[in-house]
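Engineer: A single structure is presented below for examination.
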Amino acid sequence: MAEPATTTEQPGGGRLSLGSGPGRLLVWLYGVFTVGAGSRAVYQLIAQYDRAPLSYILSAVSAVVYAVILFSLVRGGEKARRAGLVCCCLELLGVLGVGTWTLLEPSAFPDSTVWSGFGYGYLFIPVFLPVTGLLWLRRGRRAG
């Protein structure tokens, strides 16, 4: 089975790997968060939707964002890198926005989301992950 492309084109034909070295940790973390947030959201949307629909929809949105970033890191290439940068920005805005919202108006969230309290329930990894992802993906542009 062929290994997925994990590189970004550079001038002169060189390639920069996005999913190797420290990028492997990002791939692993985004993979875990994609599966975790996605499976949690699917279950809650099916079994508990009437309890806290906003929370569960936001968890589903976070899972989709994580999946796109994961795909971008694994796929590599300039278009994937740019899509990853956009999604990391959206993820950071989501974490900061939802995190602030949950602190200012906790009654809006009867159940937590992945991004509630800036990722408090997930050891604050959701607030550090997009920053790390942005730095890693920008590294690809600078090296190019």
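The values are calculated or read from the model by the stated rules, or taken from the named source; none is laboratory data. Every value quoted in this text rests on a predicted model; they were computed, and no experiment measured them. Because the Cβ atoms are built from the backbone with ideal geometry, glycine has one as well, and the counts that use them run over all protein chains shown. Quick note on the areas: whole protein, heavy atoms, side chains included, nothing else; ligands and nucleic acids left out. Shrake-Rupley method; radii C 1.70, N 1.55, O 1.52, S 1.80 Å.
Engineer: For residues in the stretch 114-126 being part of a loop (DSSP other than H, G, I, E, B) and not aromatic (Phe, Trp, Tyr), which is farthest from residue 80 (Cα to Cα)?
Structural biologist: It comes out as 123.
Engineer: Kindly establish whether residue 31 is touching a residue at least 24 places away in the same chain (Cβ under 8 Å), out of contact with any Leu (no Cβ under 6 Å at 6 or more places or on another chain) and part of a helix (DSSP H, G or I).
Structural biologist: no
Engineer: Run residue 55 past the list (1) open to solvent by less than 40 Å² (accessible area, probe 1.4 Å); (2) closer than 19 Å to residue 138 by Cβ and report the number of the one that doesn't hold.
Structural biologist: It fails just one condition, (2).
Engineer: Tally up the residues in the stretch 89-113 that are in a loop (DSSP other than H, G, I, E, B) and open to solvent by 50 Å² or more (accessible area, probe 1.4 Å), please.
Structural biologist: The qualifying residues number 3.
Engineer: Out of all the residues in the stretch 58-77, which are surrounded by fewer than 20 Cβ atoms within 10 Å (Cβ to Cβ) and more than 26 Å from residue 138 (Cβ to Cβ)?
Structural biologist: Answer for the stretch 58-77, where residues must be surrounded by fewer than 20 Cβ atoms within 10 Å (Cβ to Cβ) and more than 26 Å from residue 138 (Cβ to Cβ): just 60.
Residues checked against (1) farther than 20 Å from residue 44 by Cβ; (2) modelled with pLDDT under 90:
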residue: 62; (1), (2): no, no
residue: 76; (1), (2): yes, yes
residue: 82; (1), (2): yes, no
residue: 91; (1), (2): no, no
residue: 95; (1), (2): no, no
residue: 106; (1), (2): no, no
residue: 116; (1), (2): no, no
residue: 134; (1), (2): yes, no
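Engineer: Hey, another quick one. Run residue 77 past the list (1) touching a strand residue (DSSP E or B) at 6+ places or on another chain (Cβ under 7 Å); (2) of a type in the set (Gly, Ala, Ser); (3) closer than 21 Å to residue 36 by Cβ and report the number of the one that doesn't hold.
Structural biologist: In the conditions (1) touching a strand residue (DSSP E or B) at 6+ places or on another chain (Cβ under 7 Å); (2) of a type in the set (Gly, Ala, Ser); (3) closer than 21 Å to residue 36 by Cβ, residue 77 misses (3) alone.
Engineer: So, in the stretch 34-52, how many residues would count as being open to solvent by 40 Å² or more (accessible area, probe 1.4 Å) and assigned to a helix (DSSP H, G or I)?
Structural biologist: Selection size over the stretch 34-52: 8.
Engineer: A further question on this structure: Based on this model, can you work out whether residue 21 counts as within 20 Å of residue 139 (Cβ to Cβ), surrounded by fewer than 17 Cβ atoms within 10 Å (Cβ to Cβ), over 16 Å from the mean Cα position of the chain (by Cα) and not charged (D, E, K, R)?
Structural biologist: Yes: the conditions hold for residue 21.
Engineer: Among the residues of the stretch 78-88, is there at least one that is more than 24 Å from residue 137 (Cα to Cα), open to solvent by 40 Å² or more (accessible area, probe 1.4 Å) and part of a helix (DSSP H, G or I)?
Structural biologist: no
Engineer: Filter the stretch 132-144 down to the residues that are in contact with a helix residue (DSSP H, G or I) (Cβ under 7 Å, 6 or more places away or on another chain) and hydrophobic (A, V, I, L, M, F, W, C), then identify the one that is least open to solvent (accessible area, probe 1.4 Å).
Structural biologist: Residue satisfying both the conditions and the ranking: 137.
Engineer: Turning to a different aspect of this structure: Taking the condition surrounded by 15 or more Cβ atoms within 10 Å (Cβ to Cβ), of a type in the set (A, V, I, L, M) and assigned to a helix (DSSP H, G or I), does residue 129 pass?
Structural biologist: It is true that residue 129 is surrounded by 15 or more Cβ atoms within 10 Å (Cβ to Cβ), of a type in the set (A, V, I, L, M) and assigned to a helix (DSSP H, G or I).
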